[in-house]
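Here is the structure we will look at.
The values are calculated or read from the model by the stated rules, or taken from the named source; none is laboratory data. Keep in mind that what you see is a predicted model, and the values were worked out from it rather than measured. Methodologically, a virtual Cβ is constructed for each residue, glycine included, from the backbone with ideal geometry; neighbour enumeration extends over all protein chains shown. Quick note on the areas: whole protein, heavy atoms, side chains included, nothing else; ligands and nucleic acids left out. Shrake-Rupley method; radii C 1.70, N 1.55, O 1.52, S 1.80 Å.
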Amino acid sequence: MRVATFEHLGKQQVGVLHDGSKTIHPLEVADMIDLIARLDGCNVPLAEGMKVSLADVRLVAPIPKPRRNIICVGKNYREHAKEFSNSGYEANAVKEGEIDLYPAVFTKLPSSVVGTGAVVETHPSVTSAVDYEGELAVVIGRSGRNISRANAPSYVWGYTIINDVTARDRQRDHRQWFLGKSLDTFCPMGPWITTANELDAANLQIRTWVNGELRQDANTRDLIFGIPQLIETISAGLTLQAGDIIATGTPAGVGLSFDPPKFLKAGDVVSISSLKRRPRGVGQRASKLPLSIRRALLAAKS
Ligand code: MG
């Protein structure tokens with residue numbers, strides 16, 4: 001099931017996508033967190049309203065106002081960890097062999113969240129090094145603390161995509177990640193959540209384009225810390241809650257990895273997709289999973 005939050009006729013609603021994502025059926029729930037709570041284990045049938053064409057609604061982030069900070073993982077792909085440590089923008093987090101032992105975890109403010117197609121502000125008075133990070137994000141379905149790796153999948157409600165937009169100079173100068181990651185509009189999310197039963201999150205190809213140029217292309221099987229391990233580590237002594245979001249880290253190919261760096265500028269368009277990886281030896285095209293998106297960002301607002 002794919003679910004989205006959308007605005008139609010001045011009202012914000014949650015709905016389930018049908019007809020190859022061409023239509024959306026509103027659900028009788030207060031918001032996405034309410035839906036997550038209702039579908040936690042009991043699978044309560046939900047009343048669906050009249051379907052609406054997706055062309056007639058405005059999608060917002062699936063969880064437009066997260067209750068808590070978005071939990072993020074840094075340097076969770078080896079090639080990205082390398083490009084980062086060589087870039088001069090290191091934030092003094094775990095280094096070299098440490099990345100195999102301790103995931104680098106930080107957070108972004110909920111106020112940074114925007115939806116698909118939204119404008120990302122470039123904040124020229126604050127930063128001159130705005131960068132993109134395409135990432136698979138996990139949506140937690142129920143509360144839990146000290147969750148074991150083996151039990152972790154039962155806490156995952158679904159998946160979405162975020163762009164962990166980052167002001168690299170803020171990250172470098174302040175020697176932490178929060179300030180450079182939490183600027184207003186720095187967390188585009190969505191356009192929808194695909195429920196966990198429909199997705200093999202351990203085998204998704206994460207790709208990011210900037211103005212049509214492919215910049216990031218890696219598979220989630222290459223995560224240093226897989227999703228169950230991340231949930232185990234993060235929930236140790238810390239209660240995860242329904243609706244919490246964990247961004248799993250970005251692959252190699254961010255703007256800082258180029259010489260000179262290819263930071264984002266006003267007018268650039270960033271697109272991120274998550275595709276099922278084609279099995280080896282099978283000659284057919286990989287089918288697009290519902291999570292696939294194209295997202296337009298960074299219009300001229302600055
Ligand atoms: Mg990131």
So between ASN219 and SER154, what do we pick up on full extension, going 0.36 nm a residue minus the alpha carbon distance? 21.2 nm
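Quick one: plug the Kirkwood hydrodynamic radius of the stretch 65-212 (C-alpha pairs) into Stokes-Einstein at 4 °C, 1.567 mPa s, and report D in µm²/s.
79 µm²/s
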Cross-link pairs LYS108/LYS262; LYS22/LYS108; LYS11/LYS51; LYS82/LYS262; LYS75/LYS95; LYS181/LYS276 - those with Cα-Cα distance over 21 Å: LYS108/LYS262; LYS22/LYS108; LYS181/LYS276
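Rounded to the nearest 20 debye, what is the charge dipole size of the chain about its Cα centre when +1 sits on each Lys and Arg Cβ and -1 on each Asp and Glu Cβ?
Values: 36 positive and 31 negative charges, 72 e Å.
Around 340 debye, computed over the chain.
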Residue with peak Gaussian network fluctuation, the chain [Cα springs, cutoff 10 Å], from LEU101, LEU240, LEU59: LEU101
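Please list GLU135, GLU7 from largest to smallest accessible area, probe radius 1.4 Å, with all protein chains kept in place. Before the final figure, lay out the partial values.
Details: GLU135 0, GLU7 60 Å².
The most accessible residue leads, giving GLU7, GLU135.
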Report the far tail of the P(r) of the stretch 3-124, meaning the percent of Cα-Cα pairs longer than 17 Å. 68 percent
Roughly how far apart, in whole Å, are the Cα centres of the stretch 1-29 and the stretch 85-132? 31 Å
For LEU204, enumerate residues with amide H under 5 Å from its amide H, sequence gap 5+ or separate chain, H modeled in the peptide plane. THR220, ARG221
What accessible area per residue comes out for the chain, rounded to a whole number of Å², with a 1.4 Å probe? 44 Å²
Taking the chain as a Gaussian network, where each spring joins two C-alpha atoms under 10 Å apart, which residue of LEU223, LEU183, LEU39 fluctuates the most? LEU39
Top of ASP259, ASP34, ASP268 by mean-square fluctuation, Gaussian network on the chain, Cα under 10 Å: ASP259
Rg to Rh quotient for the stretch 72-135, alpha carbon positions, Kirkwood Rh: 1.00
Can you give me the % of accessible surface on the chain that is carbon or sulfur? Probe 1.4 Å, all protein chains present, nothing else counted. 49 percent
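Calculate how large, on average over all directions, the projected area of the Cα convex hull of the stretch 206-274 is; give the answer in nm² to one decimal. Could you put the intermediate results ahead of the total?
Details: hull surface 25.5 nm².
For the stretch 206-274, the mean projected area of the Cα convex hull comes to 6.4 nm².
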